[in-house]
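Structure first, commentary second.
The values are calculated or read from the model by the stated rules, or taken from the named source; none is laboratory data. Treat the numbers as computed from the prediction; the structure is a model and nothing was measured. Neighbour counts are summed over all protein chains in view; Cβ atoms, including those assigned to glycine, are modelled from backbone coordinates with ideal geometry. Just so you know, the surface numbers come from the protein's heavy atoms only, side chains and all, with ligands and any DNA or RNA stripped out. Shrake-Rupley method; radii C 1.70, N 1.55, O 1.52, S 1.80 Å.
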Amino acid sequence: MTEFGKALTPTDTGIPGLVVWDLPVHGDSRGWFKENWQREKMTAAGLADFGPVQNNISFNDAVGTTRGIHAEPWDKWVSVATGRIFGAWVDLREGPSFGTVFTTELDPSRAIFVPRGVGNSYQTLEPDTAYTYLVNDHWSPDASYSFLNLADETAAIAWPIPLADVEISSKDLAHPRLADVVPIPPKKTLVVGANGQLGRALRDAYADSADVEFAGRENLDLTTDLTGARRWRDYGTIVNAAAYTAVDAAETDRAGAWAGNVTAVAQLARIATENGITLVHVSSDYVFDGTHDAPYGEGEPVAPLGVYGQTKAAADAIVATVPRHYIVRTSWVIGEGKNFVRTMASLAERGVAPSVVDDQIGRLTFTGDLARGIRHLLDVEAPAGVYNLTGGGDAASWAQIAAEVYAQTGHDGTQVTGVSTEEYFASASGPVAPRPRWSVLDLAKIEATGFAPRDWRDSLRDYLS
């Protein structure tokens, strides 16, 4: 008999992500009623907001009907409508829990959330049993499945009705044993803008990960409709390393800046929202006006001074609407290719005594450290939101950084002369974007996740070596 009046309660199973739920069923002499799935209540109680797109019903008319152990590339919410079933679940995902088994009975008052890659099998215990399942993807012939033989002694499933006495399809009996099962890999990560300076650093950071794909502008145009560009349900994360970064040119090339930094991000945000993908977006200190005298926290109101900063602030607002997102705010990024550090090192070698801005204060951020921090946030599954991520150590002006470059390359740092921003750009022939004078970001939030930003001076030493 179905138990009425239970509280909505989750119970872990020992298989990561596989959770049994007691459901409130309301009944009397006329029958019963239950809320089979209710997003607001269930997500508040801890159920993953898995975004179902399809509802299926399976009916078994005879006691003992047994369906094979199938692992699909989507999440499922399984609930009995009438009757009773014995369920067996086996973790067929890559990782330390591969092969873990969980069994239990389900009736209308008990349901189970089955994460992608966990194999499920059901044996009917009462006649005329029907169960429903919500899934968050549509069936596709291109999807990857994994199967396990019902009778595999390795799994050692204690079927209530012996398999010799039940109805099983010949196909289910022919599935491989656990030792021969190919584990289901995790969802893929896609890095876009993979040929830029941050993209190249992310290639290095994920060199050991077969499930990470890299796409440059030549094979994924972010300003076009991305709907059919990938089978997006196969992806768990998109890292957006693409950006329009020509700060001064943006003052006149407004269309290009908005297309590269806003239109493209809006496309990625839509894809991520529709497919339950985590979106990682890199932001900038340029969203602030630089009038602070203390490090900017993640919750500070934005006040961009120029077009580039405006596009980054607009992109941040878009990404913040994605249910699973990280906005990684950084500053003064140094990577491969032409940049401030290499320019100063070259001037030092040539004996040039440069004039360098001394009224803009911040910290250098090397792309290797930035990539390491992004991977950290994803690996530890930090709470979604905004994170400041720059080099650590004391803040410095561009002139002080230039002097440090001179010193670390064996030259006299006193050759560097400090000048104001106005003096430096006084003879500029093209557009000059306004710069925030204070670009120091508070790193306490990302440090609380277990990430330790490297002192920018140590990263500079490695960069120059």
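Numerical summary
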quantity	calculated
Selected residue (criterion: nearest to residue 229 (Cα to Cα)) from residues of region 172-184 that are open to solvent by less than 60 Å² (accessible area, probe 1.4 Å) and part of a loop (DSSP other than H, G, I, E, B)	183
Candidates 215, 207, 249 - the one that is within 26 Å of residue 186 (Cα to Cα) and touching a residue at least 12 places away in the same chain (Cβ under 8 Å)	215
Residue list for region 294-321, filter: under 19 Å from residue 241 (Cα atoms), open to solvent by less than 20 Å² (accessible area, probe 1.4 Å) and of a type in the set (Ser, Thr, Tyr)	311
Subset of region 424-450 [hydroxyl-bearing (Ser, Thr, Tyr) and either in contact (Cβ under 8 Å) with a residue 60 or more places away in the chain or closer than 22 Å to residue 389 by Cα (or both)]	424, 439, 449
Candidates 44, 62, 48, 71 - the one that is in contact with a Ser or Thr (Cβ under 6 Å, 6 or more places away or on another chain), of a type in the set (A, V, I, L, M) and either open to solvent by 40 Å² or more (accessible area, probe 1.4 Å) or in contact (Cβ under 8 Å) with a residue 12 or more places away in the chain (or both)	71
Any chance residue 194 is open to solvent by 60 Å² or more (accessible area, probe 1.4 Å) and touching a strand residue (DSSP E or B) at 6+ places or on another chain (Cβ under 8 Å)	no
Region 69-95: number of residues that are assigned to a loop (DSSP other than H, G, I, E, B) and in contact with a strand residue (DSSP E or B) (Cβ under 9 Å, 6 or more places away or on another chain)	8
Test: residue 426 is of a type in the set (Gly, Ala, Ser) and under 21 Å from residue 362 (Cβ atoms)	no
Failed criterion for residue 154 (all others in (1) β-branched (Val, Ile, Thr); (2) part of a loop (DSSP other than H, G, I, E, B); (3) within 20 Å of residue 82 (Cβ to Cβ) hold)	(3)
Verdict on residue 282 being assigned to a strand (DSSP E or B) and either farther than 23 Å from residue 197 by Cβ or open to solvent by 10 Å² or more (accessible area, probe 1.4 Å) (or both)	yes
Matching option when the condition is part of a loop (DSSP other than H, G, I, E, B), crowded, with 18+ Cβ neighbours inside 10 Å, of a type outside the set (D, E, K, R) and assigned by the TED database to the domain that holds residue 358, among 453, 431	453
Boolean, residue 269 is at pLDDT 95 or above, surrounded by fewer than 16 Cβ atoms within 10 Å (Cβ to Cβ), among the hydrophobic types (A, V, I, L, M, F, W, C) and not in a loop (DSSP other than H, G, I, E, B)	no
Out of 147, 214, sole residue that is touching a His at 6+ places or on another chain (Cβ under 6 Å), surrounded by 15 or more Cβ atoms within 10 Å (Cβ to Cβ), part of a strand (DSSP E or B) and of a type in the set (A, V, I, L, M, F, W, C)	147
Residue identified as assigned to a helix (DSSP H, G or I), at pLDDT 90 or above and over 18 Å from residue 375 (Cβ atoms) among 164, 259, 246, 201	259
Those residues of region 393-414 which are open to solvent by less than 20 Å² (accessible area, probe 1.4 Å), more than 23 Å from residue 294 (Cβ to Cβ) and in contact with a strand residue (DSSP E or B) (Cβ under 9 Å, 6 or more places away or on another chain), in sequence order	402
Condition check for residue 236: under 18 Å from residue 281 (Cβ atoms), assigned by the TED database to the domain that holds residue 307, part of a strand (DSSP E or B) and open to solvent by less than 60 Å² (accessible area, probe 1.4 Å)	yes
When residues of region 71-108 are limited to those that are in contact with a Pro (Cβ under 8 Å, 6 or more places away or on another chain) and hydroxyl-bearing (Ser, Thr, Tyr), the one farthest from residue 13 (Cα to Cα)	82
Selection count, region 390-420, where residues are over 35 Å from the mean Cα position of the chain (by Cα) and under 17 Å from residue 347 (Cβ atoms)	20
Only one of 417, 421, 390 that is of a type in the set (Ser, Thr, Tyr), in contact (Cβ under 8 Å) with a residue 60 or more places away in the chain and loosely packed, with under 14 Cβ neighbours inside 10 Å	417
Candidates 36, 55 - the one that is assigned to a loop (DSSP other than H, G, I, E, B), in contact (Cβ under 8 Å) with a residue 40 or more places away in the chain and open to solvent by 40 Å² or more (accessible area, probe 1.4 Å)	36
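To keep it simple, each residue is scored yes or no on (1) assigned by the TED database to the domain that holds residue 64; (2) closer than 30 Å to residue 330 by Cα; (3) within 37 Å of the chain's Cα centre (by Cα).
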residue: 148; (1), (2), (3): yes, no, yes
residue: 151; (1), (2), (3): yes, no, no
residue: 163; (1), (2), (3): yes, no, no
residue: 192; (1), (2), (3): no, yes, yes
residue: 199; (1), (2), (3): no, yes, yes
